[in-house]
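Have a look at the structure below, then the notes.
Values quoted throughout were computed directly from the atomic coordinates according to the rules given, and no laboratory measurement underlies them. None of the values given here were measured: they were computed from a predicted structure. A quick note on method: Cβ atoms are made from the backbone with ideal geometry, for glycine too, and the neighbour counts reach across all protein chains shown.
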Amino acid sequence: MGDHAVSYLGSGADGDAYLLNIGTASQLAFLDDVCKPSAVWEYRPYFDKQTRLVTLSGVLTGGGHLESAAAQEKMCADIVAVLDTLPKRARLLLGGGGAEKIYAKISDILRPRGVECRMCDTDIGTEGLCMLAEQKKAEIGMMLSEIAFTNMPLLLKNNDFDFMIVDNEHGSFDYTDLTKMFTVSRLAEFTTIVRLPDNGRAWITKCVDAGADGFLLPMTNCAADIAAVVDYAKYAPIGKRGISTMRAHTLYAPPALETYMPAANEHIKVYAQIETKAGVENIREILAVQGVDGVFIGPNDLSCDLGCIGDTAPILAAMQKVAAAAAQAGKPWGLITTSKTLLDKATEWGVDRISYGSELHMLQNECKKIREMF
């Protein structure tokens, strides 16, 4: 999350306000879904995923230089000049330690122009973080089981899904199916994870170079199982991924290796799927592997391995153990299920990601709904 976005959220600003945050530096920000004023502005994703936070940094005078009346006058003049180039907003909110120094002057100038000025009442950065913590929601995704629909990432993104898992464990997708979906996913800034058939090099290398965003290893029983995925999915010094950059994963515009390799390691996520008794018992060691970014629980196979099909109590106990270990490791955990009982408890325990059903479930459910209408 960006500090400007967090501060904007904490200020209480909405789409009809500018935020002027005056600290060591000064930032002017506003929400917009169309405008990109000029090259000096940054155009950042905002929390609702539909709009962008447009920010201007490093141009306006910082709070430490506003002691003199002349500096304050110049700051006010600069703000007016900038606002005259922007889409009209009804309010200018001022936050940060230097805001009080110009509040009265800028209020007098902007009031006749129809812009109301108001001081923010709180430390907007801290307030924004608190608001995020209170409204934490799990990311929602689904399993793509059999239908190789190239534009599925775009369809899911437009319906507010956060990710999809392409099932290459039970599914029958070939490389051509996958590469098309990976490219659409990259261009749409969506997340597509591959559930692997095993932890061998061939599938991982081909998929990561074709643009996959991450991998999920089913039946992860121990640290060594998932460490092999890290080796093939991530570059040195974390792993041993082979280097071939004139590929889809760079959108055929390979940057310098010294900057790209660490960025790619951060981007590619490796998850262990915990669905055996051994995986639950070894959860701390699995999460401790460098390059492992989190875990997903697979309750169906786990119930089979634990011999408790139809009894959720042992599954809930395992989930709680995994959730506690993930929290201690500071890594996210997810759940692959449609069970309301499991989902309710997972939400209570702070689940980070939920993979709910598949495209086949969606089709089946919609068919039933249509048939029930007639």
Highest mean packing first, using Cβ neighbours within 10 angstrom, the peptides 114-124, 364-374, 228-238 sort as 228-238, 114-124, 364-374
Using a Gaussian network model of the chain whose springs link C-alpha atoms within less than 10 Å, name the residue from ALA69, ALA29, ALA223 with the highest mean-square fluctuation.
ALA69
Hey, what angle do you get for helix 223-233 against the long axis of the chain, alpha-carbon based, 0 to 90 degrees rounded to 10?
60
Within the chain: Cβ-based charge dipole about Cα centre, in debye rounded to nearest 20 (Lys, Arg +1; Asp, Glu -1):
480
Filtered hits (aspartates and glutamates, Cα-Cα < 13 Å from LYS340, offset >= 8 within chain) -> GLU348
Using alpha-carbon positions, the gyration tensor of the range 220-374 gives root eigenvalues a ≥ b ≥ c; with a/c under 1.5 called rounded, otherwise prolate if a/b exceeds b/c, else oblate, the class is oblate
Could you quote the convex hull projected area for the chain, Cα atoms only and averaged over all directions, in nm²?
22.9
In this model, which of LYS157/LYS180; LYS345/LYS369; LYS137/LYS206; LYS240/LYS321; LYS180/LYS277; LYS137/LYS345 are farther than 25 Å apart at the alpha-carbon?
LYS345/LYS369; LYS137/LYS206; LYS240/LYS321; LYS180/LYS277
Gyration tensor verdict on the range 110-192 (Cα atoms; rounded if a/c is under 1.5, prolate if a/b is larger than b/c, oblate otherwise):
prolate
Straight-line reach from LYS101: which lysines have Cα under 17 Å away, leaving out those fewer than 8 places along the same chain?
LYS74
Antiparallel as a % of all DSSP beta bridges within the range 3-133, to the nearest 5?
65
For helix 359-372, report the angle its Cα long axis makes with the longest principal axis of the Cα atoms of the chain; keep it between 0 and 90° and round to the nearest 10°.
90
Near the amide H of ASN199, under 5 Å away, which other amide H atoms are found, from residues 5 or more places off or on another chain, if H is placed in the peptide plane?
none
Just the number: Rg to Rh for the range 3-133, Cα atoms, Kirkwood Rh, two decimals.
0.94
Is it possible to state the helix-based mean residue ellipticity at 222 nm for the chain, with each DSSP H run of 4+ residues giving -39500 (n - 2.57), the sum divided by total residues, to the nearest 500 deg cm²/dmol? What is it?
-12500 deg cm²/dmol
Overall form of the range 83-152 per C-alpha gyration tensor (a/c, 1.5; a/b vs b/c)
oblate
